[in-house]
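> This structure is in structure tokens; I'll ask about it shortly.
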Amino acid sequence: MVCACLITILLVLYILFDVNYFLRIIFTITYGRLFQKRKNIFDTTVIYGICTTQDVDLFFKHMNNARYLRDLDFARFHYYDRTGIYNAVMKKGGGAVQGASAIRYRRAIPILTPYKVTTKLIYWEDKHFYMEHEFISLTDKFVRAVILSRQTVTGLSIPVSEIISEVQPNVQRPEIPKDLEIWLNSMEVSSQKYKKQS
């Protein structure tokens, strides 16, 4: 009877929630805290994955596009936790949300292929962190996808630079990479287009 109730509860949870998503976040952060050192803000952090049957596209050959973005959540949580940035944001009563991303797929990740996702901070503005991520297959070390992502800090009246200074004093903001600058310009053009429409 107890076993049947537990199975029913688990089934309901799996139907109503993406349980694997929450378990992976908990595992990623816990593993980092137990077995990995703290990182400086410009250090590259790494998480690992494997393309399973839950990740594949309609033809069961390679990882589907949505899974790349999903894995970025785990990579960002890991980066924030290892560097202490998210803790500093939370202490001030703020949060962070994914504001935008640009993905360039170079080659598909085949089913059952192990890979790693690297994350590094490349730039920041008043309200935004900008990160670069790479999906690299472990079998051949090929960079399968490159992603730029913008994290928007919410609920704070202070600029991101103050958060950075609290985490790592006297750090200088790097020069904006050319590809990021072009991407930001394209988002500004898009933003202006939609402002005119409304």
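The values are calculated or read from the model by the stated rules, or taken from the named source; none is laboratory data. Because the structure is a prediction, the values reported are computed rather than measured. Here the Cβ positions follow ideal geometry from the backbone for every residue, glycine too, while neighbour counts run over all protein chains shown. We work out accessible area using only protein heavy atoms, side chains counted, and drop any ligands, DNA or RNA first. Shrake-Rupley method; radii C 1.70, N 1.55, O 1.52, S 1.80 Å.
> Test of understanding: given the chain, find the longest segment containing no GluC sites (Glu not before Pro) that are in a DSSP loop and have at most 16 other Cβ atoms within 10 Å.
Details: sites that count: E125, E175.
That would be 1-124.
> Could you tell me which trypsin sites (Lys or Arg not before Pro) in the range 119-198 are loop residues by DSSP with no more than 11 other beta carbons within 10 angstrom of their beta carbon? Walk me through the numbers on the way to the answer.
Details: sites: K120, K127, K141, R144, R150, K178, K193, K195, K196; in loops: K127, K141.
Counting only loop positions with at most 11 other Cβ atoms within 10 Å, the trypsin sites (Lys or Arg not before Pro) in the range 119-198 are K141.
> Would you please give the residues with an amide H less than 5 Å from that of V56, counting only those at least 5 places away or on a separate chain, with H modeled from the backbone geometry?
For V56, whose amide H was placed from the backbone, the distant partners under 5 Å are N64.
> On to the next question. Net charge around Q168, counting only other residues with Cβ within less than 13 Å of its Cβ (Lys, Arg = +1; Asp, Glu = -1)? Before the final figure, lay out each step's value.
Numbers: positive: R38, K39, R82, R173; negative: D43, E162, E166.
Residues near Q168 contribute +1 overall.
> How long is the gain from V97 to V46 if the chain were fully straight, where each residue apart is worth 0.36 nm and the alpha carbon distance is subtracted? Before the final figure, lay out each step's value.
Details: separation 51, 0.36 × 51 = 18.36 nm, distance 2.04 nm.
16.3 nm is the gain from fully extending V97 to V46.
> In debye to the nearest 20, how big a dipole does the chain give about its Cα centre with +1 on each Lys and Arg Cβ and -1 on each Asp and Glu Cβ?
Working: 26 positive and 18 negative charges, 26 e Å.
Once rounded to the nearest 20, the dipole reads 120 debye.
> So, in nm, how far is label E175 from label K195 when the simple model puts each one 7 Å beyond its Cα toward the Cβ?
2.9
> Based on the inverse mean of 1/r over its pairs of different Cα atoms, what is the Kirkwood hydrodynamic radius of the range 1-47, in Å?
Details: mean 1/r = 0.0751 Å⁻¹.
Evaluated on the range 1-47, it is 13.3 Å.
> Could you sort out which of K92/K127; K37/K178; K37/K141 sit more than 20 Å apart by Cα distance in this structure?
Flagged as over cut-off: K37/K178; K37/K141.
> Just from its helices, what would the mean residue ellipticity at 222 nm be for the chain, if runs of 4 or more DSSP H residues each count -39500 (n - 2.57) and the sum is divided by every residue, rounded to the nearest 500 deg cm²/dmol?
Working: 6 runs with 86 residues, N = 198.
Here the helix-only value at 222 nm equals -14000 deg cm²/dmol.
> What aspartates and glutamates could a cross-link reach from K196, if we take a straight Cα to Cα line under 20 Å and drop same-chain neighbours fewer than 8 places away?
Qualifying aspartates and glutamates at Cα under 20 Å: E188.
> Sticking with this one: Report the Cα-based extents of the range 28-182 along its three principal axes, largest first, to the nearest Å.
Computed over the range 28-182, the largest-to-smallest principal extents equal 48, 39, 26 Å.
> If you don't mind, there's one more thing I want to ask. Taking R0 as 35 Å, what FRET efficiency do you get between F27 and E125 from their Cβ-Cβ distance, rounded to the nearest 0.05?
Details: r = 32 Å, r/R0 = 0.92.
For R0 = 35 Å, the calculated efficiency reads 0.65.
> In whole percent, what relative contact order does the range 1-103 give with Cα contacts below 8 Å and a gap of six or more residues? It would help to have the intermediate numbers written out before the result.
Numbers: 51 pairs, mean separation 27.7, N = 103.
About 27 percent, as a whole number.
> Could you sort 64-71, 2-9 so that the peptide with the highest average Cβ count within 10 Å comes first and the rest follow in order?
Working: 64-71: 15.9, 2-9: 8.8.
So the peptides 64-71, 2-9, ranked by packing, come out 64-71, 2-9.
> How big is the range 53-116 along each principal axis, measuring the range of its Cα positions in Å and listing the largest first?
Taking max minus min along each principal axis of the Cα atoms, the range 53-116 gives 46, 22, 20 Å.
> Between K37 and S157, what is the label-point separation in nm under the 7 Å Cα-to-beta-carbon projection?
According to this spin-label approximation, the distance is 4.0 nm.
> Between F60 and C3, what length comes free when the chain is fully extended (0.36 nm per residue of separation minus the Cα-Cα distance, one decimal in nm)? Don't skip to the answer; put the middle values down first.
On the way: separation 57, 0.36 × 57 = 20.52 nm, distance 3.35 nm.
Value of the extension gain: 17.2 nm.
> Moving to a separate point now. ³J(HN,Hα) across the range 182-189 via Karplus (A = 6.51, B = -1.76, C = 1.60, θ = phi - 60°), whole Hz, x for Gly/Pro?
3J(HN,Hα) across the range 182-189, in whole Hz: 5, 4, 4, 4, 5, 5, 5, 4.
> Non-local amide H neighbours of F142 (under 5 Å, H modeled in plane, Pro and chain starts lacking H): which ones?
S137
> Return a whole-number percent for the relative contact order of the chain, with Cα pairs under 8 Å and 6 or more residues apart as the contact set.
Values: 295 pairs, mean separation 39.4, N = 198.
Averaging sequence separation for qualifying contacts and normalising by length gives 20 percent for the chain.
> Turning to a different aspect of this structure: In whole percent, and with a 1.4 Å probe on the protein chains, what portion of the accessible area of the range 58-187 is carbon and sulfur? Please report the intermediate quantities before stating the final value.
Values: 3370 of 6430 Å².
For the range 58-187, the apolar C and S fraction of the accessible surface comes to 52 percent.
> Treating only the Cα positions of the range 110-161 as identical point scatterers, give the base-10 log of I(q)/I(0) from the Debye formula at each q in 0.20, 0.25 Å⁻¹.
-0.70, -0.88
> Give the Debye-formula value of log10 I(q)/I(0) at each listed q (0.15 Å⁻¹), with one equal scatterer per alpha carbon of the range 1-110, two decimals each.
With one equal scatterer per Cα and no solvent, log10 I(q)/I(0) is -0.86.
> Further question: If amide H atoms are built 1.01 Å from N in the plane of the peptide, which residues on other chains or at least 5 residues away come under 5 Å of the amide H of I50?
Y115
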